[in-house]
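I have placed the structure first, in the form of C-alpha cells, so that the comments after it can refer back to it.
The values are calculated or read from the model by the stated rules, or taken from the named source; none is laboratory data. Keep in mind it's a predicted model, so treat the numbers as computed, not measured. Note that we place each Cβ from the backbone using ideal geometry, even for glycine, and neighbour counts take in every protein chain shown. Keep in mind that these areas ignore ligands, DNA and RNA; they rest on the heavy atoms of the full protein, side chains included. Shrake-Rupley method; radii C 1.70, N 1.55, O 1.52, S 1.80 Å.
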Amino acid sequence: MSLDYVKFTPGFDAFMPKEYRDMVERGPFGKKTTVSQMGNFKEILEEHPMCAGCAMTLFIRLAIVAFPNPEDTITVGTAGCGRLAISQAAIPFVYGNYGDQNGVASGLSRGLRIRFGDKTKDVVVMAGDGGTADIGFQQVLHSWFRKERFTTIMLDNEVYGNTGGQESGMTTRGAVLKMAPLGKKFEKMDMVAMAKIAGCAYIATVVPNNPRRVESCIKKAVLIAREVGPTYIQAYTSCNIEYAIPTDKVMEDAKSVEDDRYKFTEYVSEDAKAYLADRYGYKEFIQRPVVTVPHV
Amino acid sequence: MDNTAVIGAKTKKGQVITDPRMMMNDAPRTPSFFTGSEVIKEAVKRANVDVMVAYPITPQSEAAALCGELFAEGYIGDYFRGESEFAVMSQCAGAAFGGARVFTTTAGPGTMRAMENFPMWAGARLPIQCIVTCRGINSPLSIQPDTIEIAYLMNTGMLVWHAETAQDFYDWILKGYLVSEEPDVHLPLALCCDGFFVTHTKDVVGLTPAEMCLPPYDPYRSPVPCMDMECPPVRMMRDPFVMKSNYISYATHASWQQEVWAAAERSRKHTIAWLDGLIDIEDGDADILIISSGTAVSQGREAMRLLADEGVRVGLVKVKTLRPWPEEELREATKHASHIIVPEFNVIGWMAKEIKATIPNSERVVAGPRVCGGMTLPPEVIVEEVKKAIGMRSGVLAGRGG
C-alpha cells in the first residue's frame, strides 16, 4: 500500500512537477536498486543544505540507497548536521527531542508492529556522535538492552559539527576543539564494545569510501533488526569544516583514517547469521555440515 | 477507517467495542470500592489502549504496575518500562507517531524531567494521555501531594484536566481520549490528580461493564499525516527551514504555536459535552464563593457545610479543566460574588492568579488559603479565611498564633 504514494493521481500525471514524475518513473520504490546503479535512478535523497565535501552526506545518501525496503522505512534523528539532509529525503523522518531518537524509535517500532501486524515496516535511527554517545547515550543503550528491533546508525564525525565544533565523547583523545582548549582529556568512547555488551545482533564500523561495503552493512543491519534484535553501525563521517580537511581530500582522509584507526569491523551474532542464511539466502552464513574424515 | 464501523465487533480480548455515548452515559454502573490507582487500571482496561510505557515514581508507581497486569492479561497491546521519565515520554511519542493509542503515568519530579516532551507532543499533535499524580517537585524532598507541577503543564499546549475524585478519574480517563482524539483537537492530555489523596485512598466508584471498551484509535483522523508511509508526504520536518531563512522559521513556528493553542480552544465544545461543562457550581448565587480544582474542592465543600452550620452561606465552583481555561464560565459564575476564596495545594497560587487574570474587580479574590509540601488542607483553615474576608471573628486554630 505504501507504494501508492509514488503513483500519479489519475488525470493529474501530466501536471505533476518533474521531481515527482522522476520519483514515480525512475525512483527506487518497489525496485531492487543498488549503489552500483547510482546515477541511473532518481534517489530518495538528492538535494541537501550540507557543506561542500561533507562525508556524512555521502554516507547518508549511500545508506538510504541501501535500505532494503525504502518505501516502508521511517528514519528517526535528532539535532545535528545529519538531520538537515535526512529530513530532505523522500521518506518519512521523525525528529523528537534532543538525544531521544532511540526512545522515539522504540515506541515507533512497537506502534507500527501493533498497527500493521505482519507487514514489514523498518525503523532506522541516524544520529550524530553527540546524539548517540552523549546526550542520547542512556536511551541508546537501553534500547539495545531491551532488544528493540530497529537499526541505530551513528554518523561519527567526532565533533559537534552543527553547533560549531565542540568536543564529543567520540572525539579522539588530545584533539583540540572548542570546549577542549587544551585537548580532549579522555579516550574516544568504545561504543562498539558497548553495543556488543548490550546485545546488538549486528555491529559494523565503516567509512563511506567503499559504497558496496556500506550498502552490504546497512542491508544486513536493517534485515536483522526486523526479527532478530537491535543492530548498530558506526560510520566515520568526517567534518571537513571543523577538522580543516580540504574538500578534495575528504575521501583521502577517510581512507587514511580507515587504515589507521577506523578499520572495517563486522560482528554478526549466531542467531543473526542463521536468520540471514535461512530467510534471505546469505550464502556466507549458510552452515555447512561438518565433514569428518574417518581416521584411518 | 470509520471508527463507528467497528462498533459491535469484539477485541482480541473479547471486549465489545461500544458506542462511547452508550458506554459512558447509558451503560449500567457497578459500584466498586477501589483505590485511585486501581481505578486507573479499571479505566485503562476499557480504554482500548495500544501501548503503555511505565516508570516508577511515587505516587504513580502502583497504577503503572497495575497496568502491567492488564498487559499480561491481554488488554494492552504493548507495555514496557522506560529508563527515565524523559525516555518514557519519548517512547510514548514514538508509539503515537506510529499510530497507537498511548497511555502513561508520571508524578512530581518525573513530570519535570519529562518536560521537554510535553510541548513536543502538543506541537506534533500526538493525543497521548498522561496521568499526573501530583507531588512535591522542589528541594527539600517531599513525596506528598503538591500541585505546583500543574503550573508548568498549563503552558505546554497540552489539555490539562484536574480530577477531584476517583469517579472523576475513571470517567475522565475514558472521556479524555474521546476529546483529545477529535480531529479538530488532536492534542495530548495531562489528566492530573492530587497524589495519595486520590491514588491511595479508597472510594466507591461506578464502573461501566468490563466487557465494553472504547472504539480503537484511528490515526487517519489526525490533522497531521501519521508516520506510516501509507500517505505522502510524511516528513516530520520537510525542508529544514531554520537553515534557509530565520524569517520563515519564525513565521512557521509562530503560526503553528497559535494553531496548537487554537486546537486547545476547539476542545471546549467536546469537553463541555462530555464533562457536562468545564466547571460545576453549587449554590452559585451565594455572595461568597470558594473556587478551586482537585481535592481542594472537596475541602471547600466541607468548609461550606461548616460555615452553613454557623449561618454563613457560601457557594462552590469546581474547576474541572485548566486547559482550556473556563474563562467565560468563571466570569459568569463570579458576577455577583463579593468574596472569592481560592484554596490550593501549592505555594505559588496558580489558580488564584488565573482567576484574578480572568474576572473583573480581581480584588475580590482571596489568594488562599494555601498549603504546600504535601500538607493537608483542613476545612477549618478555609472557614477561617472566609470569616477573615467577611470580617467575622473566628477562633484561633491550633498552631496559628493569636
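Structure values in brief
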{"item": "Coarse-grained scattering of segment B:1-130 at q = 0.23 Å⁻¹, given as base-10 log I(q)/I(0) from a Debye sum over alpha-carbon atoms", "result": "-1.40"}
{"item": "Estimated inter-spin distance, residue A:274 and residue A:172, nm [label 7 Å along Cα→Cβ]", "result": "4.0"}
{"item": "Part-to-part distance (alpha-carbon centres) for segment A:65-98 and segment B:62-135, which is given in Å", "result": "24"}
{"item": "Area hidden from solvent between A and B (accessible, protein heavy atoms only, 1.4 Å, total, Å²)", "result": "3300"}
{"item": "At R0 = 41 Å, FRET efficiency that the Cβ-Cβ distance of residue B:250 and residue B:357 yields, to 0.05", "result": "0.95"}
{"item": "Rg followed by Dmax, in Å, when segment A:115-156 is reduced to its Cα trace", "result": "11.9, 35"}
{"item": "Calculated log₁₀ intensity ratio I(q)/I(0) where the Debye formula runs over C-alpha points of segment A:73-221, q = 0.13 Å⁻¹", "result": "-0.60"}
{"item": "For segment B:268-308, projected area of the alpha-carbon convex hull averaged over all directions, nm²", "result": "3.4"}
{"item": "Longest segment of chain A lacking GluC sites (Glu not before Pro) that sit in a DSSP loop with at most 15 other Cβ atoms within 10 Å", "result": "A:48-186"}
{"item": "Å² per residue, accessible surface of segment B:77-180 at 1.4 Å", "result": "20"}
{"item": "Accessible area per residue, Å², segment A:239-296 with all protein chains present, probe 1.4 Å", "result": "76"}
{"item": "Kirkwood-Stokes translational diffusion coefficient of segment A:131-187, alpha-carbon pairs, 20 °C, 1.002 mPa s, µm²/s", "result": "173"}
{"item": "Near-label residues of segment A:80-116 by backbone N, under 15 Å of a point 7 Å along Cα→Cβ of residue A:244", "result": "none"}
{"item": "Stokes-Einstein D in µm²/s, Kirkwood radius over Cα pairs - segment A:215-296 at 4 °C with 1.567 mPa s viscosity", "result": "82"}
{"item": "Sequence of B:304, B:392, B:89 from largest to smallest accessible area, 1.4 Å probe", "result": "B:392, B:304, B:89"}
{"item": "Solution diffusion estimate, µm²/s, Stokes-Einstein, segment B:68-157, Kirkwood Rh from C-alpha pairs, 37 °C, viscosity 0.692 mPa s", "result": "237"}
{"item": "Span-like helix ranges in chain B, DSSP H, alpha carbon extent 15 angstrom or more, Kyte mean at least 0.0", "result": "B:61-73, B:85-97, B:166-180, B:379-390"}
{"item": "Gyration tensor verdict on segment A:32-106 (Cα atoms; rounded if a/c is under 1.5, prolate if a/b is larger than b/c, oblate otherwise)", "result": "oblate"}
{"item": "Sequence of A:226, B:46, B:370 when ordered by accessible area, the most exposed leading, probe 1.4 angstrom", "result": "B:370, A:226, B:46"}
{"item": "Per-selection Rg to Rh, segment B:35-87 - Cα, Kirkwood hydrodynamic radius", "result": "0.95"}
{"item": "Overall Cα dimensions of chain A, principal axis frame, Å, largest first", "result": "74, 63, 36"}
{"item": "Distance histogram in 20 Å bins (all Cα pairs of the protein assembly as shown, percent per bin)", "result": "17, 44, 28, 10, 1, 0"}
{"item": "Debye intensity ratio I(q)/I(0), log10, segment A:162-220, q values 0.22, 0.24 Å⁻¹ (C-alpha model)", "result": "-0.91, -0.93"}
{"item": "Principal axis box of segment B:136-182, alpha-carbon based, largest edge first, Å", "result": "40, 25, 11"}
{"item": "Gap separating the Cα centres of segment B:315-363 and segment A:200-257, nearest whole Å", "result": "59"}
{"item": "10 Å binning of all Cα-Cα separations within segment A:5-138, expressed as whole percents from 0 upward", "result": "11, 37, 35, 15, 2, 0"}
{"item": "Cα gyration tensor, segment B:100-241 - rounded (a/c under 1.5), prolate or oblate", "result": "oblate"}
{"item": "Residue B:258 paired with residue B:7, simple spin-label distance in nm, labels 7 Å along Cα-to-beta-carbon", "result": "3.8"}
{"item": "Rg/Rg_globular for chain B, with Rg_globular taken as 2.2 N^0.38 Å and Rg from C-alpha atoms", "result": "1.01"}
{"item": "Principal axis box of segment B:271-388, alpha-carbon based, largest edge first, Å", "result": "35, 33, 28"}
{"item": "Residues of segment B:74-119 buried by at least 30 Å² on assembly (accessible area, 1.4 Å probe, chain alone as reference)", "result": "B:78, B:80, B:83, B:86, B:90, B:91, B:94, B:97, B:98, B:116"}
{"item": "Nearest-10 value in Å² for the accessible area of residue A:58, using the 1.4 Å probe", "result": "50"}
{"item": "Solvent-accessible surface (1.4 angstrom probe) belonging to residue A:236, in square angstrom, nearest 10", "result": "10"}
{"item": "Solvent-accessible surface ranking, highest first, for A:31, A:220 at 1.4 angstrom", "result": "A:31, A:220"}
{"item": "Distance (nanometres) between label positions extended 7 Å along Cα→Cβ at residue B:390 and residue A:147", "result": "6.7"}
